[in-house]
1. Among the listed pairs Lys84/Lys228; Lys499/Lys525; Lys160/Lys270; Lys525/Lys547, give every one whose C-alpha distance is greater than 31 Å.
2. Give Lys262/Lys323; Lys652/Lys735; Lys580/Lys652 a once-over and call out the pairs whose C-alpha atoms are over 31 Å from each other.
3. By per-residue mean of other Cβ atoms within 10 Å, what is the highest-first order of 727-739, 428-440, 28-40?
4. How high is the FRET efficiency from Arg458 to Ala690, r the C-beta distance, R0 35 Å, rounded to 0.05?
5. May I ask you to sort Phe657, Phe278 by Cβ crowding, counting other Cβ atoms within 10 Å and putting the fewest first?
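A short reminder: the numbers here are calculations on the coordinates, not readings from a lab. Predicted model, so just to flag it, every value in this text is computed and none were measured. Note: ideal-geometry Cβ built from the backbone for every residue, glycine included; neighbour counts use all protein chains shown.
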Amino acid sequence: MLNFFGRGRQKAPPASPSPAAANAAAASFAALTARLDYLEAVDIEQVRRAYRFADEAHLGQIRASGEPYITHPIAVAAQCAEWKLDAQALMAALLHDAIEDCGVTKPELIERFGAPVAELVDGLTKLDKLQFNTREENQAESFRKMLLAMARDVRVILIKLADRTHNMRTLDDVPREKWTRISSETLEIYAPIAHRLGLNQTYRELQELSFRHLKPWRYQVLSKAVTKARSRRRDLIQKVQREVEAAFEAAGIAIRLAGREKTLYSIYRKMDEKHLSFAQVTDIYGFRVVVPSVIDCYTALGILHQMYKPVPGRFKDHIAIPKVNGYQSLHTTLVGPSGVNVEFQMRTEAMHVVAESGVAAHWLYKASPPEADTAERLGTKWLQSLLDIQHETRDAAEFWDHVKIDLFPDAVYVFTPKSQIMALPRGATVVDFAYAIHSDIGDRTVAAKINGVQVPLRTELKNGDVVEVVTAPVSTPNPAWLAFVRTGRARSKIRHHLKTLAQTESQELGEKLLTQALRAEGIEKLPPETGDYQPLWEKLLRFTGNKSRAELLTDIGLGKRIASIVAKRLMNLMAEHGQKPDALLLTRERFTAHENVSQGAVSLDGSENASVQYASCCRPVPGDRIVGYLGRGEGLVVHMEDCGVAKRLQHKDSERFIGVEWSEEPVRPFETNLLVTIANGKGVLARVAAALAGAEADITHVDMDDERAQDATDLRFVIAVRDRSHLEAAMRTLKRTSGVMRVQRVRPGHSAR
């Protein structure tokens, strides 16, 4: 951020040397040496070796600015030295483009500089050598590799952020048509990662540089407005500074007072999001008060509140409850002279190091204060969650989607029943909380209480909530949770579970369908995959293009393969083996098969989960006459026999229909649509709901026409019933209810709207 007291400003540079001399100086190791005084002599020599190797590897390469390419690795290493990273990290910073741009191999780096340095460089190397369908896919895979390398060693991302920062500082030298892509990527990905890891100084600089190149005109206009406002308010700010310093001197507390100004990007974003003019953005000015101890932070707050009136609702205690990235400070906004709002931040020196450098404070602050541990712990916790998400998600684009969700740590802080604080992204729900505790708890969640009151699982958490999760051993994740969970961890765990479940169930359904189709060919059961039948299965898999028997059965269950076609091929192969069809079985199967379908009937009881869907166009319930359609890639879809959609599908795709029947004892209720016409009057809706409850029919959804001025209103219900008899009983109960004019089930071909 800008310092508006003139402290720390760069002096006017002396007369510029010739470009050649400047380039030579920037490309020399001497440009870096001055920053390495915190390293041992032996470590500095190791870094020098890496410099010599990089200098030789990049010999003859020139940057877009005309400078020797080696100036870039030196600048990256210099930024890493600012964070006091160790010699291995500085060596990797100098070598970070060696594999990608110079043809140097990883084994060569291991041999010269050791495995840890080579691993760091490999983690930083982009994936140009891999072929992807799209640039987005390539980019997603690059980020996945970088983030996973970083999860194993946080120095990878620190070097990567230093690399991106220098590239952004020198973006003016790059062709203008590339500015938008590079700046957008920086703003959407690298700046949030820096924020997530607590590197606030880098976060602000990346935002500012991205803004300057994305919206140059707006940047210039705002810059001029801030400069004008600064000169207009200089006397006022200096007055606040004098008064604050005098007050703390009188109280006997030694402080370091620094002025801070909002970045142009944060001012622009506030104006854009809240539709404000520049004049309406009041908290542009601020002070940072660095004090000796934590107790002094709270004393300083008291002194300031005695001097100026605080703005209600603008006090935040990030010391008692640190931010997700480890940031700690007290924040208060006060009404200063002339009614100008001024923000103050109170923190200790150790907090200041963590606030500016986040996880890098681990190297910067060797005394390891508790605050630095907090930052490192919180950073490491997020990095560990990346490995968890990777374990569940093999697709690079999906992995990146999950990670992006977690990159913006605008958090809510909630408590477990044992008073442990947990930080979650804003908008997180009870299910996110359950998965944050442990994936097993998330998978088995059935109910929850917030502050002792039972709430729906989709309830969003608020600061200070005490959350208690109720689990059941037999419970499994619900696909509907994906519509409201907020964290990447919860989303990836639920998706992983559903994929595994769908695959297992589809495989079981596929085996059932293939067995039934084979029976229609006169063979009692599937041949084993072992012994004499192994070559037979190998031939069949070559025919279908599947890698394994399990994959073939899963494809049949998902409708990607037609069981009857596979069964005919299998029958031919078995005939070559000398096995003949059973004539009696063949006759019985063909005479009992449904006239409209190509295979025997599958029994349904509602326990099928992902492998079987009940069509929402007609919503069949036990007792209805039904047919099954093997949709391509979506498993078995069950329709009512007279459903218009099913009839159209049957007309053009009849070989994909199979016989289905209800089991004797379904294990769960089934949903169906009801249209209830009521006379407008007081309490009618309540009586209808009570009648359905009395008939033990659960209402899962209700919709009504906005026709209060008319005599009658249509209510559209989705209700859950055990079977057709239960549905008819519920409808009879409704018809007898006062105020109900008509009740009908919405039939296929009719709309539920």
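1. Lys84/Lys228
2. Going by Cα-Cα distance, Lys652/Lys735; Lys580/Lys652 fall outside the 31 Å limit.
3. Highest-to-lowest ranking by the protection proxy: 428-440, 727-739, 28-40.
4. Taking R0 as 35 Å, the efficiency between Arg458 and Ala690 is 0.90.
5. By the 10 Å Cβ count, ascending: Phe278, Phe657.
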